[in-house]
Ligand SMILES: [Zn+2]
């Protein structure tokens, strides 16, 4: 498919090495060319998943009915610390195979299970072991400070594994700064000094919101090198700051909706001119298939449009926004300063914060 030429039926594609050498009908091929008969199939570019926790592939499908509280408790508090480097390797390897098998040829591996240099090395080894394009997003959800950023291992990896100009596996940081501190400022500076892209989970209902965005904006932490994941529970002012900085969003609509993190902000991003990409987040909970992410995102976007009529018809049933209330509990020490606090979807009692998502309710 090509925006200018549309769908090209009964067309051949000639690949030479890693390059598409020609596209056309009845192409002549050099001797000994491997021919793949794709008659009746659709050939399309590989998908890009901009946020997937590959290390969690080891527990694929385990959390299909989880709330976010379950995820934080089991994945990050109880099971996560049990992962050994070889477990990370196995999970990342399987994660890459699964991604490629689903047509995801580029994936950002949000590797927040990299809790020691050995775990990080194992994650990187696995990404290199499977054909496919990956960006290793070095992260550590288990640290109590940003010592893992400045400790030397990132510089070592940059020199030893990521020095090539055109390699398929590259590196960025996933700092996940959810609240401000001097430590976090230093981590941002560290990334800027090395020209590394940075990602953060952001705008998560009950966990991170306006203050997070303000801190990033005031510390040169929102730029075209910044990706914010979810960014769902935010005000117009926050989206304005994101747009002004030039940052972009990774939207995991199944995750935002199912885990109660906020409503997928496609419409808000569009209104503010913020670029977006799609992602799957984790196969512990959802699939790794972008054919699942795409209709989910479209449904959420169109569902919101029907949920917020600007002028409801008189005397006809309509919908209105009903704020939901959640509570949050103090963060676990095991989650450290990155503030992976527990936002309880089970106990809707309250610290007064309400979600901005839209729940249809019948009007009397
Ligand atoms: Zn995530």
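For segment 192-230, a tally of residues being in contact (Cβ under 8 Å) with a residue 40 or more places away in the chain and outside any loop (DSSP other than H, G, I, E, B) returns 5. If you check 162, 128 for being outside any loop (DSSP other than H, G, I, E, B), surrounded by fewer than 21 Cβ atoms within 10 Å (Cβ to Cβ) and touching a strand residue (DSSP E or B) at 6+ places or on another chain (Cβ under 9 Å), only one passes: 128. Filtered by the rule that a residue be at positive phi and either away from the ligand (no atom under 16 Å from the Cβ) or at pLDDT below 95 (or both), segment 266-295 gives a lone residue, 273. Is at least one residue of segment 181-189 touching a residue at least 60 places away in the same chain (Cβ under 8 Å), assigned to a loop (DSSP other than H, G, I, E, B), within 16 Å of the ligand (Cβ to nearest atom) and within 27 Å of residue 282 (Cβ to Cβ)? No, segment 181-189 has no match at all.
If you check 57, 50 for being within 16 Å of the ligand (Cβ to nearest atom), out of contact with any strand residue (DSSP E or B) (no Cβ under 7 Å at 6 or more places or on another chain) and in contact (Cβ under 8 Å) with a residue 40 or more places away in the chain, only one passes: 57.
Within segment 231-265, the set of residues being part of a helix (DSSP H, G or I) and within 16 Å of the ligand (Cβ to nearest atom) comprises 253, 254, 255, 256, 257, 258. Scanning segment 88-114 for residues that are assigned to a loop (DSSP other than H, G, I, E, B) and within 16 Å of the ligand (Cβ to nearest atom) returns 112, 114.
Take the residues in segment 190-216 that are within 16 Å of the ligand (Cβ to nearest atom) and on the phi > 0 side of the Ramachandran plot; name whichever of them is surrounded by the fewest Cβ atoms within 10 Å (Cβ to Cβ). Of everything passing the filter in segment 190-216, 206 is surrounded by the fewest Cβ atoms within 10 Å (Cβ to Cβ). Selection within segment 192-209: residues that are out of contact with any strand residue (DSSP E or B) (no Cβ under 8 Å at 6 or more places or on another chain) and within 14 Å of residue 177 (Cβ to Cβ). The member of this set that is modelled with the lowest pLDDT is 209.
The values are calculated or read from the model by the stated rules, or taken from the named source; none is laboratory data. Note that the structure is a prediction, hence the values are computed from the model and not measured. Using ideal geometry, Cβ is built from the backbone for each residue, glycine included, and neighbour counts are taken over all protein chains shown.
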